[in-house]
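As structure tokens, the structure follows; a few thoughts come after it.
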Amino acid sequence: MNSIRSNAESILLTDKDANIYGGKVSDWSLTFNYYLNKYMIWRVRGSITRATENSAFNDNTFSILETRLQIKF
């Protein structure tokens, strides 16, 4: 039973009443779960994260590819 999951979220980190201008973070990800057997799962996750409207730095976009092998005991 292999699976593919996707996720998108956006977080506002600014509170103008408190004079905090943290900006906005948006994240999109796609995860592939491959079940080798009932005790082992191999996961591959790709993610694009965008940080905008921050008063301390310019807008940035980060791309990440990560993998892991999970063994259940």
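The values are calculated or read from the model by the stated rules, or taken from the named source; none is laboratory data. Quick caveat, the model's predicted, so the values are computed rather than measured. For neighbour counting, all protein chains shown are included, and Cβ atoms are generated from backbone atoms with ideal geometry for every residue, glycine included.
Tell me which residues, restricted to the stretch 14-43, are under 28 Å from ARG68 (Cβ atoms) and touching a Gly at 6+ places or on another chain (Cβ under 7 Å). Selection gives SER29, LEU30.
Could you check the stretch 44-56 and list, in sequence order, the residues that are more than 26 Å from ARG68 (Cα to Cα) and of a type in the set (A, V, I, L, M)? The answer is ALA56, and nothing else. Report every pair of residues separated by at least 6 positions or lying on different chains whose Cβ atoms are under 7 Å apart, first residue within the stretch 1-22 and on the phi > 0 side of the Ramachandran plot, second outside any strand (DSSP E or B) and among the aromatic types (Phe, Trp, Tyr). Every condition considered, no pair remains.
So that you can scan it fast, the table gives a plain yes or no per residue for (1) assigned to a strand (DSSP E or B); (2) at pLDDT 95 or above; (3) polar (S, T, N, Q):
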residue	(1), (2), (3)
THR14	yes, no, yes
GLY23	yes, no, no
SER47	yes, yes, yes
PHE62	yes, no, no
LEU69	yes, yes, no
